[in-house]
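Trainee: One structure, pasted below without further comment.
The values are calculated or read from the model by the stated rules, or taken from the named source; none is laboratory data. Keep in mind it's a predicted model, so treat the numbers as computed, not measured. Using ideal geometry, Cβ is built from the backbone for each residue, glycine included, and neighbour counts are taken over all protein chains shown.
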């Protein structure tokens, strides 16, 4: 099994994010969703892997899909993380027909779309169930509370723990003071250092910060 995992890592270098050896006969491999279908195809065609099931977990901000693949008496669990903002992943049903019913069940329960599925009808829910009704899909949530959100967003956008309000800035100008306090908010080098530290320690990922929107994802 170790040889197969090493071969997988060599063949799909960019797509393999992490490998965990649970025991000699079981490995967990975190892969990029964009390459999931090709990795599943390689395991199925080249290594005679069998799909036993697919598990789904609601992580709050994302979904995690676990593809349980058996090779002989050994197992590899392919894990992918799917953002709730766009819960879509390619279907592996065209490669492994047995995945069809499992993907349909996951779609019903969590609302994850499997692109390319040949028959995405309800299987666990009544056929008349409305779209968007997914019993196991929870609300978008993360580790930061509502009261903490402004402070976290302030640190990552301006470097200020408590950003000044417009009223406070106007008052400072009236008093003859600079509009903003001398800090990372007006020092680009210091602000970039703060942001780099946040990224190096993956703080931004843990709290769910969206750098494009400069807001938390939830």
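Here is a yes/no grid of residues against (1) under 19 Å from the mean Cα position of the chain (by Cα); (2) in a helix (DSSP H, G or I); (3) outside the structural domain of residue 210 (by TED's automatic domain parsing):
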site: 9; (1), (2), (3): no, yes, yes
site: 37; (1), (2), (3): yes, yes, yes
site: 43; (1), (2), (3): no, yes, yes
site: 51; (1), (2), (3): no, no, yes
site: 55; (1), (2), (3): yes, no, yes
site: 69; (1), (2), (3): no, no, yes
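Trainee: Can you spot a residue in the stretch 125-133 that is touching a helix residue (DSSP H, G or I) at 6+ places or on another chain (Cβ under 9 Å), buried (at least 18 other Cβ atoms within 10 Å of the Cβ) and either at pLDDT below 95 or part of a loop (DSSP other than H, G, I, E, B) (or both)?
Mentor: Within the stretch 125-133, not a single residue is touching a helix residue (DSSP H, G or I) at 6+ places or on another chain (Cβ under 9 Å), buried (at least 18 other Cβ atoms within 10 Å of the Cβ) and either at pLDDT below 95 or part of a loop (DSSP other than H, G, I, E, B) (or both).
Trainee: For residue 150, are the conditions met, namely being without any contact (Cβ under 8 Å) to a residue 12 or more places away in the chain and farther than 24 Å from residue 33 by Cβ?
Mentor: So residue 150 does not fit the description; no.
Trainee: I'd like the residue in the stretch 170-200 that is touching a helix residue (DSSP H, G or I) at 6+ places or on another chain (Cβ under 6 Å) and at pLDDT below 90 and, out of all such residues, is farthest from residue 151 (Cα to Cα).
Mentor: 179
Trainee: Does at least one position in the stretch 151-163 carry a residue that is more than 30 Å from residue 189 (Cβ to Cβ) and either modelled with pLDDT under 95 or not assigned by TED's automatic domain parsing to the domain that holds residue 187 (or both)?
Mentor: No: the stretch 151-163 contains no residue that is more than 30 Å from residue 189 (Cβ to Cβ) and either modelled with pLDDT under 95 or not assigned by TED's automatic domain parsing to the domain that holds residue 187 (or both).
Trainee: Which one is nearest to the chain's Cα centre (by Cα), of the residues in the stretch 108-124 that are without any contact (Cβ under 8 Å) to a residue 24 or more places away in the chain and either surrounded by 15 or more Cβ atoms within 10 Å (Cβ to Cβ) or closer than 30 Å to residue 188 by Cβ (or both)?
Mentor: Top of the filtered list is 120.
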